[in-house]
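Asks: I'd like to ask you about the structure that follows.
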Amino acid sequence: MAKIIGVRFRDAGKVYYFDPKDTVYRYNEHVIVETARGIEYGTVIVTPMEIPDERITQPLKEVIRIATPEDDERETNNRRREKDAYKICQEKIREHNLEMKLIAAEYSFDDSKLLFYFTADGRIDFRDLVKDLAGIFRKRIELRQIGVRDETKILGGIGICGRPLCCHSYLSDFAPVSIKMAKEQNLSLNPTKISGTCGRLMCCLKNEAETYEYLNKGLPGKGDQVTTPDGRHGEVQSVNILRQLVKVIVYTNDDEKELIEYPVADITFIPHSRKAKPQMQKGKKGQENGEKKAAEQERKTPEQEKYQQAIKKAIEKQNAVKEEKENAAAGNSAEGAEDGEVKKKRHRRSRHRKKSGQAQGAGENQSGENQGGGNPGAGGGEDAG
């Protein structure tokens, strides 16, 4: 465990951790710390506490000192000078005819660097602009391109809810927001209604996303088949997530449709996360009166019995056809095996006959040659005699 304090350098900015050593710092107290950008003036947001070492980016730098009245005055002076620097940079951008939008100017606390934040559609060649600004301010100039969400965070504004923007008032980091969050909250998918001032999805969609995700786990979806407390089957027309109510379309005895609203605890349905399992989810009331509901569900209307019998016959017919095909395939394979054996035997016989015929022909030829070879010798003997 390590002892830390949390310091923020801008309103609703990111919180950085520092080592307080043995000094006690109070909430909202100004301190002077050393950062990668140099000496900075910040505000204590997290009072001294201990956190695991895994959450700390090493090395953990120490707090230099508590801000003095001179440090407070210097910081106020820097904020005032930033307005003048903003106007000068805006004029230079117009002179160089650059397609960029200047957002803010920021002086470092030690007055060693001046940062300008801007937005642009693409890459901008601002080398000449930096030279002009360095000649005017006589210090290191840095231009940093940011996105539209960072632009809104710096400038601030009022949201469609009538309150200050979350990113400008209290959000330290931008949490990922997806269209799935809007769907789970049954919000209109109209981009103008779920988008913030920056043009991206509103950050507040993340605030209640986990709650809606938890509530949706126990609700059926639109179009799902459910069983009502009186044993009737119906189709879900709509759901009320916060009140946990479900509107179901059921059929009356006169084959007419009727829309009835039930608490989700009173109906039985297959949940989305377990559709692969043949288990039914029951509410509290359904669990208490399980035997009664089972008896009611066994009572089937003539239409349901007729429908189930038709399905049963179709399944039996399908199984019979399948079994017949399997038997036919097995028979064909057996016949094919017998034909193969017969063909092999015929082939062996023909090869045997062929070999025996070749051997017999070869023996006849050899005997003929021997006889022909003796005749000349005999004739020669007669001549000699």
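Since every read-out is calculated from the coordinates, none of them should be taken as a lab result. Being a predicted model, the structure only gives us computed values, none of them experimental. In this analysis, Cβ positions are derived from the backbone assuming ideal geometry, glycine residues included, and neighbour counts consider all displayed protein chains.
Asks: Starting with the highest mean, order 202-215, 175-188, 49-62 by the number of other Cβ atoms within 10 Å, averaged over the residues of each peptide.
Replies: Ranked from most to least packed, the peptides come out as 202-215, 175-188, 49-62.
Asks: Where does the Debye-calculated log10 I(q)/I(0) of the stretch 69-203 sit at q = 0.11, 0.12 Å⁻¹, using only Cα point scatterers of equal weight, no solvent?
Replies: -0.53, -0.62
Asks: Oh, and also: What ranking do 76-83, 240-247 get when scored by the average of other Cβ atoms within 10 Å per residue, highest first?
Replies: Final packing ranking: 240-247, 76-83.
Asks: A further question on this structure: When you count, for each residue, the other Cβ atoms within 10 Å and take the mean per peptide, how do 114-122, 217-225 rank with the highest first?
Replies: Ranked by mean Cβ neighbours within 10 Å, highest first: 114-122, 217-225.
Asks: Place a +1 charge on the Cβ of each Lys and Arg in the stretch 54-176 and a -1 charge on the Cβ of each Asp and Glu, then give the dipole magnitude about the Cα centre in debye, rounded to the nearest 20. Working shown, then result.
Replies: Values: 23 positive and 23 negative charges, 29 e Å.
With only Lys, Arg, Asp and Glu charged at Cβ, the dipole is about 140 debye.
Asks: May I pose another question? Longer than 31 Å from Cα to Cα, which of LYS21/LYS139; LYS14/LYS113; LYS113/LYS206; LYS87/LYS180 are they? Say none if no pair is.
Replies: From the list (LYS21/LYS139; LYS14/LYS113; LYS113/LYS206; LYS87/LYS180), the Cα-Cα distance tops 31 Å for LYS21/LYS139; LYS113/LYS206; LYS87/LYS180.
Asks: Can you tell me the FRET efficiency between ASP22 and LEU242 if r is taken as the Cβ-Cβ distance and R0 is 45 Å, rounded to the nearest 0.05?
Replies: 0.35
Asks: Pull up the DSSP beta bridges for the stretch 75-146 and report the antiparallel fraction as a percent, rounded to 5.
Replies: Roughly 50 percent of the beta bridges in the stretch 75-146 run antiparallel, per DSSP.
Asks: For the stretch 129-142, take each phi angle, set θ = phi - 60°, evaluate the Karplus expression 6.51 cos²θ - 1.76 cosθ + 1.60, and give the result in whole Hz per residue in order, putting x for glycine and proline.
Replies: With the stated coefficients, the stretch 129-142 comes to 5, 5, 5, 5, 5, 5, x, 7, 8, 6, 7, 5, 10, 9 Hz.
Asks: How large is the convex hull of the C-alpha atoms of the stretch 2-67 per residue, in Å³?
Replies: Each residue corresponds to 81 Å³ of Cα convex hull volume.
Asks: Between ILE64 and residues 5 or more places away or on another chain, which pairs have amide H atoms under 5 Å apart, with H built 1.01 Å from N, and which residues are they?
Replies: Long-range HN contacts for ILE64: ILE32, VAL33, GLU34.
Asks: Okay, moving on. Rule-of-thumb check for the stretch 174-232: C-alpha Rg over 2.2 N^0.38 Å? Mind dumping the intermediate values first?
Replies: On the way: Rg = 15.2 Å, N = 59, 2.2 N^0.38 = 10.4 Å.
Ratio of Rg to 2.2 N^0.38 Å for the stretch 174-232: 1.46.
Asks: What list of ³J(HN,Hα) couplings, whole Hz, do you get for the stretch 226-231 from phi and the Karplus terms 6.51, -1.76, 1.60, once you set θ to phi - 60° and write x for glycine and proline?
Replies: 3J(HN,Hα) across the stretch 226-231, in whole Hz: 10, 10, 7, x, 8, x.
Asks: Could you tell me which residue out of TYR17, TYR41, ILE51 lies farthest along the dipole of the stretch 9-58 toward its positive end? Charges go on the beta carbon: Lys and Arg +1, Asp and Glu -1, centred on the Cα centre.
Replies: TYR41
Asks: Taking the alpha-carbon centroid of each part, what is the distance from the stretch 250-265 to the stretch 65-116 in angstrom?
Replies: So the separation of the two Cα centres works out to 67 Å.
Asks: Okay, next question. What does the charge dipole of the stretch 2-67 about its Cα centre add up to, to the nearest 20 debye, if the Cβ of each Lys and Arg holds +1 and the Cβ of each Asp and Glu holds -1?
Replies: Charge dipole, the stretch 2-67, about its Cα centre: 200 debye, nearest 20.
Asks: Taking amide H atoms as placed 1.01 Å from N in the peptide plane, list the residues 5 or more away in sequence, or in a different chain, whose amide H sits under 5 Å from that of ASP110.
Replies: Excluding prolines and chain starts, which carry no amide H, the hits are ILE39.
Asks: What are the ³J(HN,Hα) values, in whole Hz, obtained from phi via the Karplus relation 6.51 cos²θ - 1.76 cosθ + 1.60 with θ = phi - 60°, for each residue of the stretch 42-56 in sequence order, with x given for Gly and Pro?
Replies: x, 10, 6, 10, 10, 5, x, 7, 10, 9, x, 5, 5, 8, 10
Asks: Along the Cα→Cβ direction, 7 angstrom out, place labels at ASP173 and LYS325. What is the inter-label distance in nm?
Replies: Once both label points are built, they end up 5.6 nm from each other.
Asks: Around GLU70, with a cut-off of 15 angstrom between Cβ atoms, what is the net charge of the other residues, counting Lys and Arg +1 and Asp and Glu -1? Let's see the in-between values first.
Replies: On the way: positive: ARG65, ARG74; negative: ASP71, ASP72, GLU73, GLU75, ASP110, ASP111.
Every neighbour counted, the sum reads -4.
Asks: Could I ask something else about it? Cα convex hull of the stretch 1-137: how many Å³ per residue?
Replies: Taking the convex hull of the Cα positions in the stretch 1-137, it is 133 Å³ per residue.
Asks: What does the charge dipole of the stretch 153-214 about its Cα centre add up to, to the nearest 20 debye, if the Cβ of each Lys and Arg holds +1 and the Cβ of each Asp and Glu holds -1?
Replies: About 240 debye.
Asks: Could you pull out which residues in the stretch 51-73 have an amide N less than 12 Å from a spot 7 Å beyond the Cα of LYS14, following the Cα-Cβ vector?
Replies: 57
Asks: When every alpha-carbon pair in the stretch 75-146 is counted, what percent end up more than 18 Å apart?
Replies: On the way: 789 of 2556 pairs.
Distances greater than 18 Å cover 31 percent of the Cα pairs.
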